[in-house]
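> What follows is a structure written as structure tokens; I'll ask about it next.
The values are calculated or read from the model by the stated rules, or taken from the named source; none is laboratory data. What you are looking at is a predicted structure, and each value in this text was computed from that prediction instead of being measured. Virtual Cβ from ideal backbone geometry, glycine too; neighbours counted across all protein chains shown. The accessibility values were calculated without ligands, DNA or RNA, using every heavy atom of the protein model including side chains. Shrake-Rupley method; radii C 1.70, N 1.55, O 1.52, S 1.80 Å.
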Amino acid sequence: MEITKSAVAGTVESSDIMITLDPHEGALIEIELDSSVEKQFGDQIRKVIKETLEKLGITSAKVVAVDKGALDCTIQARTVTAAHRAADQQAYNWKEIDSWNA
């Protein structure tokens, strides 16, 4: 999957995260995180975002994440949604996504 345009998923409400994905020049995933719990959970939030993008086959993206205390499952769901929007994909491979949790 390739990021071709900017896309957003999520909100800045409590217990949620807003993920913004943009195309990125070069083969790397760059993550900018703004979180009230960054000191405690920043590394874990970045890890969930990066691993989710890699599982989707994305190797190049600029990510801006505004976290308000989201759980890992919410971070993953928002990242998947933003990625599909940014790649202009209309179909989800639910069996593949479900297998990540096995």
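> From the list G69, G42, G26, pick out the single residue that is of a type outside the set (S, T, Y), more than 12 Å from the chain's Cα centre (by Cα), at positive phi and open to solvent by less than 40 Å² (accessible area, probe 1.4 Å).
G69
> Looking at the range 15-44 only, could you name the residues that are β-branched (V, I, T) and either more than 23 Å from E96 (Cβ to Cβ) or out of contact with any helix residue (DSSP H, G or I) (no Cβ under 6 Å at 6 or more places or on another chain) (or both)?
T20, V37
> Which of the residues belonging to the range 72-102 are outside any helix (DSSP H, G or I), in contact (Cβ under 8 Å) with a residue 24 or more places away in the chain and surrounded by fewer than 18 Cβ atoms within 10 Å (Cβ to Cβ)?
Scanning the range 72-102 gives D88, Q89, W100.
> Sticking with this structure for a sec: Please state which of the following conditions T52 fails to meet, knowing it meets all the rest: (1) open to solvent by 20 Å² or more (accessible area, probe 1.4 Å); (2) out of contact with any strand residue (DSSP E or B) (no Cβ under 8 Å at 6 or more places or on another chain); (3) not hydrophobic (A, V, I, L, M, F, W, C).
In the conditions (1) open to solvent by 20 Å² or more (accessible area, probe 1.4 Å); (2) out of contact with any strand residue (DSSP E or B) (no Cβ under 8 Å at 6 or more places or on another chain); (3) not hydrophobic (A, V, I, L, M, F, W, C), T52 misses (1) alone.
> Inside the range 75-90, can you point out the residues that are over 16 Å from E2 (Cβ atoms) and touching a strand residue (DSSP E or B) at 6+ places or on another chain (Cβ under 6 Å)?
Within the range 75-90, I75, R78, T81 qualify.
> Being touching a Gly at 6+ places or on another chain (Cβ under 7 Å) and either in a loop (DSSP other than H, G, I, E, B) or in contact (Cβ under 8 Å) with a residue 60 or more places away in the chain (or both): is that true of I3 here?
When the stated conditions are applied, I3 does not pass them.
> If you go through the range 88-98 one residue at a time, do you hit one that is among the small types (G, A, S) and either under 14 Å from the mean Cα position of the chain (by Cα) or at pLDDT 95 or above (or both)?
No, that holds for no residue.
> Looking only at residues that are under 14 Å from the mean Cα position of the chain (by Cα) and more than 15 Å from H84 (Cβ to Cβ) in the range 1-21, which one is surrounded by the most Cβ atoms within 10 Å (Cβ to Cβ)?
Among residues in the range 1-21 that are under 14 Å from the mean Cα position of the chain (by Cα) and more than 15 Å from H84 (Cβ to Cβ), the one surrounded by the most Cβ atoms within 10 Å (Cβ to Cβ) is I17.
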